[in-house]
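Below is one structure; the comments refer to it alone.
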Amino acid sequence: MQNFLRVASRTLVGVIAFIAVIALGLAMNTGTAATAQDSLPATITPRPSPTGNGGTATWTVKSMTFKSEYPNGGTFTIEANSSAGDINSATVFIQHQPFKRTRVIAKYDAASGTWIAKWLGQATPQWVAVNYYWSLSDAQKNVYQTDTVGDIYADNTREWKVRDSEDITVYWQATLTDDYADEIIAAMAAQREFYRSHWGTLLKYKPRAVIYDDYAAMAEWDQGAGLRNPGTGGVGSTIVVGRAYDAFGTFIGVARKGRSSPHWMAYDIVLHEIGHLYQAQNGGIITSGQIWFYEGNAEYFNKDEASLEESLNNAKNLAASGNLPPLLAIGRNGLIAYEVGYAFWKWLEVRFGDDIHLSIVQLCAKGINWQKALEQATGMSFLALETEFRAWLGAPNAVPPTTLPEPTLAFAFPSPTFAPTKTPKP
Ligand SMILES: [Zn+2]
């Protein structure tokens, strides 16, 4: 799982942002309370049945159920039989987004004639999609795979609201203003064509946003959220305001009792984090291992103009001071990575036109190394690019040192990463 954290400003107010993914088109009423009792109609891309599904036997499925027991996972059951003999194994496959799955092996309960699989739901946020199918085998080695069923990891322990749009499904704690949903849905709609034109395609699933009032509900599944720092959800001066989880197709945001404003959450944090989901879908950006490269790229999808202007100004001031480090030496310097990284992607647009982003990421998607993709798309060497970029920022020492090796990452992906953002705006 890839987590993307955001850390804040010169005062090092930190921001953490997760990434998650969702594949359901949920038809929901606007702002209705969401409970496990709601049967939300789900539209799922059906999995093609495997060739020869079921073998030579005739299979009958009497029932398939999922019961959310958030925050402790949930229970799957299936009651089925095969004409060829007893079923001797049953495994449930679980997907929170279309491209990743986990599985749980079931046990047979003779009393009820049912196979039961207990999913632990470890470190899983509430309201992620739970799309599942079963694989069954019988005594004659016939194997049968059921159709996929769409369900949801409902949190019935507190009151939530839910609203669905073309771009995103938003869940938010009922103690929060509906403005969070309004702003997130508006921001995603406003940015839809920018995402599409810059990645060549929209996300292949509909992402979700889960917005918490404070850290209590988050700490139930993210042990660190409450334990690290009950007041901020972060470590030391880092404040958690949002994360996106590729494996869940979901963005997690913390309103912090209103200190993360709906507009800022939507246009700065959510749009940045959804940018990471596009990176994960595309490939090649995050795997660059260059924080300035992928965080700057995510920030390129931020639509909070004041925040972007501040980033650009900070990068220019740093350059003018003569202290702008070479790009490859930025390493884990979080704040500089965000601001200089964003400035770099913005400069590419100014220098080569609005299509340059798509050219680069399409090369990355083919497996071409990020640095070579930059060079191929622009027709310039990386050194020439960086020199011109530094001059554009106003660096008196435009030519960067060229002998620095790429910094060794502190850890390999997928791992949490930290990056800076602005001081949360009131
Ligand atoms: Zn980020």
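The values are calculated or read from the model by the stated rules, or taken from the named source; none is laboratory data. Predicted, not measured: the structure shown is a model, and the values here were computed from it. Positions of Cβ are generated from backbone atoms using ideal geometry, with glycine treated the same way; all protein chains shown enter the neighbour counts.
Structure summary
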| item | result |
| --- | --- |
| Qualifying residue in the stretch 292-313 (condition: closer than 13 Å to Arg390 by Cα and modelled with pLDDT of 95 or more) | yes |
| Looking only at the stretch 98-110, and only at residues there that are of a type outside the set (Phe, Trp, Tyr) and not in a strand (DSSP E or B), the one that is farthest from the chain's Cα centre (by Cα) | Ala110 |
| Members of the stretch 111-127 that are over 15 Å from Asp151 (Cα atoms), under 26 Å from the mean Cα position of the chain (by Cα) and not in a loop (DSSP other than H, G, I, E, B) | Lys118 |
| Tally, over the stretch 128-147, of residues that are over 19 Å from Ser63 (Cβ atoms) and assigned to a loop (DSSP other than H, G, I, E, B) | 5 |
| Matching residues, the stretch 148-165, being in a loop (DSSP other than H, G, I, E, B) and over 19 Å from Lys67 (Cβ atoms) | Glu159, Ser165 |
| Candidates Phe301, Phe293 - the one that is outside any helix (DSSP H, G or I) and not β-branched (Val, Ile, Thr) | Phe301 |
| Residue match in the stretch 51-60 (condition: part of a strand (DSSP E or B) and aliphatic (A, V, I, L, M)) | no |
| Total residues in the stretch 266-295, condition within 14 Å of the ligand (Cβ to nearest atom) and under 16 Å from the mean Cα position of the chain (by Cα) | 17 |
| Output for the stretch 170-210, where each listed residue is surrounded by 19 or more Cβ atoms within 10 Å (Cβ to Cβ) and in a helix (DSSP H, G or I) | Tyr180, Ala181, Glu183, Ile184, Ile185, Ala187, Met188, Gln191, Tyr195, His198, Trp199 |
| Enumerated helices (runs of 4 or more DSSP H) restricted to the stretch 324-386, each holding at least 3 residues that are under 21 Å from the mean Cα position of the chain (by Cα), touching a residue at least 40 places away in the same chain (Cβ under 8 Å) and under 26 Å from Glu193 (Cβ atoms) | 334-352, 356-365 |
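Every residue, every condition in (1) in contact with a Ser or Thr (Cβ under 9 Å, 6 or more places away or on another chain); (2) surrounded by 14 or more Cβ atoms within 10 Å (Cβ to Cβ); (3) at pLDDT 95 or above, yes or no:
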site: Arg101; (1), (2), (3): no, yes, no
site: Ile105; (1), (2), (3): yes, no, yes
site: Ile116; (1), (2), (3): yes, yes, yes
site: Gln122; (1), (2), (3): no, no, no
site: Gln126; (1), (2), (3): yes, yes, yes
site: Ser135; (1), (2), (3): yes, yes, yes
site: Gln140; (1), (2), (3): yes, yes, yes
